[in-house]
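Read-outs throughout are calculated quantities, based only on the coordinates presented, and are distinct from any laboratory measurement. If you're wondering where the values come from, they're calculated on a predicted model, not measured in any experiment. Please note: Cβ atoms are built from the backbone with ideal geometry, for glycine as well, and neighbour counts cover all protein chains shown.
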Amino acid sequence: MVQKISFVLNGKKTNVEIDPAQTLLWVIRNHFGLTGTKYGCGTGFCGACTVIIDNEAVRSCTLPVGDIAGKKVMTIEGLAKNGELHPVQKAFIDHDALQCGFCTPGMIMNAAALLTKNPKPSKQEIIEGMEDNLCRCGAHVRIIQAIETAATSLKGGKK
Amino acid sequence: MKGKTNKRIMEPSSSKRRSVLQRRDFLKYLGGGILIVFTPLGACKNISEPAQVSNALPADFNAFLHISQDGTVTCFTGKIEMGQGPITALAQMMADELDVAYENVKMVMGDTDLCPWDGGTWGSTSIREFGPEMRKAAAEAREVLLQLASEQLKVPVTQLEINEGVVNDKNDKSKTVTYGDLAKGKKIEKHLTGSPKLKSSSEFKIIGKPYKRADSILKVTGEAKYSGDIKLPGMLFARIVRPPSYGAKLLSADTSEAEKIAGIQVVRDNDLVALLHENRDKVDEAIVKVKATFEEVKIDVTDKTVIDHYLKTAKKSDIINNKGDIAAGEKLSEKIVESEFYDGYVAHSPIEPHTAAAMIEGDKITVWASAQTPFLVRDAIMEKLNITADKVRVIIPFVGGGFGGKGDNPQAVEAARITKLTGKPVMVAWTREEEFFYDTLRPAGLNRVRSGIDKDGRITFWDFSVYCAGDRGSDTIYDVPHQKTTAYDQGENDPQVHPFAIGPWRAPGNSNNTHAREMQICLMAAKTGMDPLEFRLKNLKDEKMITVLKSLAEKFGYTPAKGPSGRGYGIACGTDVDTWVAVMAEVKVDKKTGHIQVVRVSCSQDMGMCVNPQGTLLQIEGCVTMGLGYTLTEELIFEGTKMITRNFDTYEIPRFSWVPEIDAVILDRMDQPPHGGGEPAIICMGGAIASAVFDATGAVVYHMPMTPERVLEALKKV
């Protein structure tokens, strides 16, 4: 049952001996202790568990860890580079784009993947791209503004 | 705008703070310095009798701020941070009153071993009740420090000034000493007795200025710890055998199939049957293999029939307001409007489900819980396990949203029970399905309103009833000579009335009552042929509300027109937690599909002193956005005691594409005490949007949420 699975986690090559049917979310959280990725609904509806796999935003709560063999997985903990926050993280701070903060890592990962694919999104494209990430506190207006700011900052080459 | 992070301690792993902290230990933990002990009377208003009895903290050791030898100020509060920002605003209040830099204030929140007793973080009490008492403690500390400085510098107190924790002689700036130096080598414990002189608003340097959230850096990096992020050595994940319907009694549980999964442990204790595994996936896999039987409670009611059910079961009625004579008012009326407004059951659905980690060391249990009420959680554990307060420590890390739903915390008791039974650290983290099932719901409601208008457009009488949803916000607010308010079955947990547990949901009762009152006002204005704002102003005597409405109209750019004007403008106003609030909304209604799009929303608030205008804006935006949910989509589907709605696929909470442009006016009332900020704006959302739909189309949707089906139904009657 246990298999060796190799993948890249936050830029580091990683091997793990594990049942490949286990959920990526719980492996990230409990095996690797990276608790920034959250459980919100367990069925992929809310997006609190969003991570980036090979540049795609993916819901980790419904993904078996076996599926990520050979892939690059990035969690919220791996987003800052050399001690400097990612422009989306910075913009979330600048815009106060959060309240309880529980959906925030998923929001940021989804937004970062969105900007990788579409560096110049219109407001409408941001809304559509973020539509399936849920926030209960109502930080939506500020999240949209933060992503617009991050897009501008990325265009300016400030990575 | 200031944006630096104030320091905060709440890491659970610090071993020195795991021990039982008694008075002596606490003083030792602080390591000298100046301690101010006070009793936050305002914050204790909500103490219930049983809680007072079980409150084991000595009366003289109830609440504190501490100034350490390095000048750091620590504020201890039983309040918790669930997103609404007391971590920032309380630090602002402390820093300003004490004359220290905001960045120098460290917040210790929601730890029952370290913090003063507190009734819980709800009802917008953090700033309006705890805040002013905390300012008194800070003012007292400032007086102590001035006295010490006067002795050390040999300068009279009146000749001293303070700037960011540094005291100096006004006449000779070389004579200077810091708070840290004054606290050095001292162990001063000062009890707050009288009412020290507080700063006037003209002296504020930090209160009233916009400060960004103190916790964002932790929250954008994933470093912020919530209860589910607590990792304890050897910790096991627990899943509990759950009933299929509310109130069902467990008869038997066959766990043999589940136990075939390697590593599964079973815990049985009367009504509690739990499976444990070191791996969350394995325990999730095992729990579905348990074959359990239950004795279920049958009750003949569904979400479709709940209002009829109320009318049959509601027994007790309280007349909570009676002025004049309704019959006399009727005689004065030219027109009478009679309406019934309905609301469904609504869930809190914070993105973080109820979660708790627990461990036992010797005979002391420590629990980390996603709860709004650390001390009530402690009391519940004490009661269930029959242990004393010194044997339980509850720590509340960051909470991933509460909205009233985390005042009730069975998960914390479950975790404490299981750790006591097994001796092992455990994590009880509810699934989303458990969260919907065990949520203490906002009750469905019925409002009946009968009211009259005379030929001049004045309200003659007002007969208002609320059924089973609570009377908060049922005040008439308008100047009406003959008025009566009746509340039926005040939202008690009566299984005959409510098939599920109910509880406070952000501004409990007020959203229902404000919706009913304000929609009735909208209909009355239309009947008289008056603009709904002018109709309100004509019938209001309350100067505060008049000012709030006028400032709102200016912000929104409102021009008078008789409704329905076709513009899609709606208005609602009301009061909550001592704050006067009004909202205007603009909507577009698709008459083919019944879809409502809210285009923009403006809000005006008289909330007394606004400690953090930035935090207040966030709360207004949050209320407006969250309020779209109960107004447009949120409704739980159930059959008897069976909850059908169990996840976000069928329970639609607001999404990005729904969100309107939002702006706000916060009236300048810095000379007044602070009132609530976390709840008021949400009360107006139902009424503002329903009246905007009427203004757009002439359709009256009496039933919340205003789903496309209900809008189409209402459009047919236009």
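Couple of notes before you dig in:
- Projected-area mean, segment B:532-594, by convex hull of Cα positions, square nanometres: 5.2 nm²
- Estimated 222 nm signal from helices in chain A, with DSSP H stretches of n ≥ 4 weighted -39500 (n - 2.57), rounded to 500: -9000 deg cm²/dmol
- One way to sum up the overall shape of segment B:605-666 is the equivalent ellipsoid from its Cα gyration tensor, whose semi-axes run 32, 14, 9 Å, largest first.
- Interchain or long-range residues, amide H under 5 Å from B:Phe461's placed H: B:Gly452
- Relative packing of B:590-598, B:138-146, A:86-94, which averages over residues the other C-beta atoms within 10 Å, highest first: A:86-94, B:138-146, B:590-598
- Using alpha carbons only, the radius of gyration of segment B:208-357 set against its Kirkwood radius gives Rg/Rh = 1.19.
- Extent along the principal axes, Cα only, for segment B:312-397: 75, 30, 26 Å, with the longest axis given first.
- Distant-in-sequence amide H partners of B:Gly470 (H built 1.01 Å from N, under 5 Å): B:Gly491
- Along its three principal directions, the equivalent ellipsoid of segment B:241-312 from the Cα gyration tensor extends over semi-axes of 33, 13, 9 Å, largest first.
- Degrees between helix A:140-155 axis and first principal axis of chain A (Cα, 0 to 90, nearest 10): 90 degrees
- Averaged over the residues of peptide A:124-130, the number of Cβ atoms from other protein chains lying within 10 Å of each residue's Cβ is 2.
- Exceedance of the 18 Å cut-off in Cα-Cα distance is limited, within the set B:Lys249/B:Lys298; B:Lys364/B:Lys384; B:Lys136/B:Lys184; A:Lys72/A:Lys117, to B:Lys136/B:Lys184.
- Segment B:645-656 - phi-based ³J(HN,Hα) in whole Hz, Karplus 6.51/-1.76/1.60, Gly and Pro as x: 6, 10, 7, 6, 6, 10, 9, 8, 9, x, 10, 3
- Other protein chain C-beta atoms within 10 Å of residue C-beta, averaged over A:39-50: 5.
- Taking only alpha carbon atoms, segment A:44-122 gives an Rg to Rh ratio of 0.97, where Rh is the Kirkwood radius.
- Bridge orientation summary for chain B: considering DSSP beta bridges with both residues in this region, about 70 percent are antiparallel.
- Mean separation of Cα pairs under 8 Å and 6 or more residues apart, divided by the residue count, gives chain B a relative contact order of 14 percent.
- With the simple model of a label 7 Å out from the Cα in the direction of the Cβ, B:Gln597 to B:Lys190 spans 6.0 nm.
- Set of lysines with alpha-carbon distance to B:Lys282 below 16 Å, sequence-local pairs under 8 removed: B:Lys260
- At q = 0.15, 0.21 Å⁻¹, base-10 log of I(q)/I(0) for segment B:353-504 (Debye sum, equal scatterers on each alpha carbon): -0.81, -1.19
- Distance cut-off 52 Å, percentage of C-alpha pairs in the protein assembly as shown lying past it: 16 percent
- Taking every alpha-carbon pair in segment B:105-157 and binning the separations at 5 Å intervals from zero gives 4, 16, 17, 20, 14, 9, 9, 7, 3, 0 percent.
- In order along segment B:213-222, phi translates into HN-Hα couplings of 4, 6, 9, 5, 4, 5, 7, 8, 9, x Hz, rounded to whole numbers, per the Karplus curve 6.51 cos²θ - 1.76 cosθ + 1.60 with θ = phi - 60° and x for Gly and Pro.
- Calculated [θ] (222 nm, deg cm²/dmol) that DSSP helices of n ≥ 4 give over chain B, each run adding -39,500 (n - 2.57): -8500 deg cm²/dmol
- Reduced Cα scattering model of segment B:75-207, Debye log10 I(q)/I(0), q = 0.14, 0.16, 0.19, 0.22 Å⁻¹: -0.67, -0.85, -1.13, -1.39
- For the peptides B:290-299, B:501-510, B:347-356, B:478-487, the ranking by mean Cβ contacts within 10 Å, running from highest to lowest, is B:347-356, B:501-510, B:478-487, B:290-299.
- Average 1/r across all pairs of distinct alpha carbons in segment A:102-159, invert it, and you get the Kirkwood radius: 11.4 Å.
- Residues whose amide H lies under 5 Å from that of B:Ile365, counting only those 5 or more places away or on a different chain, are B:Val392, B:Arg393; hydrogens are built 1.01 Å from N in the peptide plane.
- The C-alpha atoms of segment B:590-718 occupy a region whose extents along the principal axes are 50, 37, 25 Å, arranged from largest to smallest.
- Shape box of chain B [Cα atoms, principal axes, largest first, Å]: 79, 78, 44
- For segment A:1-140, the equivalent ellipsoid built from the Cα gyration tensor has semi-axes of 26, 16, 14 Å, listed from largest to smallest.
- Peptides B:238-245, A:148-155 ranked from most to least packed give B:238-245, A:148-155, packing being the mean of other C-beta atoms within 10 angstrom over each peptide's residues.
- Mean-position separation - Cα centroids, segment A:1-70 and segment B:65-122, in angstrom: 37 Å
- Summing charges over neighbours of B:Lys323, with a neighbour being any other residue whose Cβ is under 12 Å away from its Cβ, gives -3 when K and R count +1 and D and E count -1.
- Shielding of peptide B:610-623 by partners, expressed as the average count of other chain Cβ atoms within 10 Å per residue Cβ, is 3.
- Nearby lysines by direct alpha-carbon distance to B:Lys335 (threshold 25 angstrom, same-chain neighbours under 8 apart not counted): B:Lys323, B:Lys455, B:Lys484, B:Lys527, B:Lys538, B:Lys541, B:Lys562, B:Lys716, B:Lys717
- Extending 7 Å from the Cα toward the beta-carbon at both B:Ala561 and B:Leu540 defines two label points whose distance is 2.1 nm.
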